[in-house]
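*Asks:* For reference, the structure I am asking about is given below.
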Amino acid sequence: QVQLVESGGGLVPPGGSLRLSCAASESIFRLNAMGWYRQPPGKQRELVAVTTISGRTTYANSVKGRFTISRDNAKNTVYLQMNSLKPEDTAVYYCNFLVGADQIWGQGTQVTVSS
């Protein structure tokens, strides 16, 4: 079974940057989209950004202009570059692969924005 391994979370001051990575444990066929979600403390999980294999990219309004999603199809890896981080970006970040009609989730990585 394919597993997603995330890395890059941590503690950063407001205005700082982090880059998250998510790699699949093996090659994936019928990969349709890669994305990032987050779950702030006490809140529901929400979409941050998603990129489809066809190249379409969607961002949550709250991160537009600050976050950039990118991917390396050959490595089955998706990245999330986060700049100008704010305290409200604090959350557990999860990567998500859409394979056919099935969703695969990473284990989550904590991002904390605090001085």
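The values are calculated or read from the model by the stated rules, or taken from the named source; none is laboratory data. Since this is a predicted model, take the numbers as computed values, not measurements. Note that we place each Cβ from the backbone using ideal geometry, even for glycine, and neighbour counts take in every protein chain shown. The protein model used for the area step is the full one, side chains on, heavy atoms only, and it has no ligands, DNA or RNA in it. Shrake-Rupley method; radii C 1.70, N 1.55, O 1.52, S 1.80 Å.
*Asks:* Using the Cβ atoms and a cut-off under 11 Å, what net charge is assigned to the surroundings of GLY9, where Lys and Arg are +1 and Asp and Glu are -1? Provide the component values of the computation, followed by the final result.
*Replies:* Values: positive: ARG19, ARG38; negative: GLU6.
Once positives and negatives cancel, what remains is +1.
*Asks:* Build a GNM of the chain with springs between Cα atoms under 10 Å: which of VAL50, VAL78, VAL92 gets the top mean-square fluctuation?
*Replies:* VAL92
*Asks:* When the chain is fully extended, how far beyond the present Cα-Cα distance does THR68 get from ARG30, taking 0.36 nm per residue of separation?
*Replies:* Length gained, THR68 through ARG30: 11.3 nm.
*Asks:* Treat each spin label as a single point 7 Å out from the Cα along the C-beta direction, and report the ASP102 to GLN39 distance in nm.
*Replies:* Calculated label separation equals 2.1 nm.
*Asks:* For the stretch 60-115, what size does the Cα cloud have along each of its three principal axes, sorted from largest down, in whole Å?
*Replies:* Principal-axis extents of the stretch 60-115 (Cα, largest first): 40, 21, 21 Å.
*Asks:* Also, I was wondering about something else. Please list SER7, SER115 from largest to smallest accessible area, probe radius 1.4 Å, with all protein chains kept in place. Please list the in-between numbers first.
*Replies:* Values: SER7 60, SER115 140 Å².
Correct descending sequence by accessible area is SER115, SER7.
*Asks:* Can you say what percent of the DSSP beta bridges in the chain, counting only those with both residues inside, are antiparallel? Round to 5. Mind dumping the intermediate values first?
*Replies:* Details: 40 of 43 bridges.
Percentage antiparallel, nearest 5: 95.
*Asks:* Could you state the orientation-averaged shadow area of the convex hull built on the Cα atoms of the stretch 11-63, in nm² to one decimal?
*Replies:* Numbers: hull surface 21.9 nm².
Averaged projected hull area, Cα only: 5.5 nm².
*Asks:* Which listed residue (CYS95, ASN83, GLY65) has the Cα farthest towards the positive end of the charge dipole for the chain, taking +1 on Lys and Arg C-beta and -1 on Asp and Glu C-beta about the Cα centre?
*Replies:* GLY65
*Asks:* From Cα pairs below 8 angstrom and at least 6 apart in sequence, can you work out the relative contact order of the chain, rounded to a whole percent?
*Replies:* Result for the chain is 37 percent.
*Asks:* State, in angstrom, two size descriptors of the chain derived from its alpha carbons: Rg to one decimal place and Dmax to the nearest whole number.
*Replies:* When restricted to the Cα atoms of the chain, Rg and Dmax are 13.4, 43 Å.
*Asks:* Oh, and also: If the cut-off is a Cα-Cα distance under 18 Å, which lysines reach LYS43, setting aside same-chain residues fewer than 8 apart in sequence?
*Replies:* Excluding near neighbours in sequence, the set is LYS86.
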